[in-house]
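The values are calculated or read from the model by the stated rules, or taken from the named source; none is laboratory data. None of the values given here were measured: they were computed from a predicted structure. Using ideal geometry, Cβ is built from the backbone for each residue, glycine included, and neighbour counts are taken over all protein chains shown. Note: areas computed on protein heavy atoms with side chains; ligands, DNA, RNA excluded. Shrake-Rupley method; radii C 1.70, N 1.55, O 1.52, S 1.80 Å.
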Amino acid sequence: MSQLRLKYPNLSPAAYSGLIACKNALENSTLGAELTELVYLRVSQINGCAFCLEMHSSALRKKSVPQATLDALAGWQVSERFTDRERAALLWAESVTQLSAQQTDDVLYRKVKAHFSDEEMSDLTIAVALMNAFNRVAVSLRQ
């Protein structure tokens, strides 16, 4: 990995603490830790954040997610390893992460929303946004 360009947690402690507080709050979400980590990992794959890829794949292995499932994540659309709920979360994660290429129109929203409560849909969207924020900081400042 490249050398860290700036020690951003030290330089922007209040802002960085806010990101960590958001992450900690999402740990209590009814989405479940495994699904949240799966979403974090997929977003990190899309954004090419090596640090986050290692962190979230390791966390999922500790939760006993099979390596074959992690290996299939980039191809979740055609893999039989994912539940309908996981597929919905991953679809939303990709759509929110790639807003300029994919839209979150009403048809897509209703398709995803069928698997989540209002609170979970809110938490899922915030989790995707949070991981995008972490990825963008880590990639640009070389975590």
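Structure summary
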read-out: Approximate shape of the stretch 11-141 as ellipsoid semi-axes (Cα gyration tensor, √5λ), whole Å, largest first; value: 21, 18, 15
read-out: Unit charges on C-beta of K, R, D, E only; dipole of the stretch 30-117, Debye; value: 160 debye
read-out: Cα radius of gyration and Dmax for the stretch 1-50 (Å); value: 13.4, 37
read-out: Protection proxy ranking, peptides 39-48, 83-92, average beta carbon neighbours within 10 Å, highest first; value: 39-48, 83-92
read-out: Furthest towards positive pole of dipole, Val39, Leu70, Met55, structure part the stretch 1-110, Cβ charges; value: Met55
read-out: For the stretch 56-114: rounded, prolate or oblate by the Cα gyration tensor [a/c cutoff 1.5]; value: prolate
read-out: Sum of -39500 (n - 2.57) over DSSP H runs of 4+, divided by residues of the chain (222 nm, nearest 500); value: -21500 deg cm²/dmol
read-out: Where the chain is the region considered: accessible area per residue in Å², 1.4 Å probe; value: 55 Å²
read-out: The chain: Cys lacking any partner C-beta under 4.7 angstrom; value: Cys22
read-out: Burial ranking of peptide ranges 122-131, 106-115 (average Cβ count within 10 Å, highest at the top); value: 122-131, 106-115
read-out: The stretch 83-97 - phi-based ³J(HN,Hα) in whole Hz, Karplus 6.51/-1.76/1.60, Gly and Pro as x; value: 6, 4, 5, 5, 4, 4, 5, 5, 4, 5, 4, 5, 5, 5, 5
read-out: GluC sites (Glu not before Pro) within the stretch 19-60: DSSP coil, no more than 12 neighbouring Cβ in 10 Å; value: Glu27
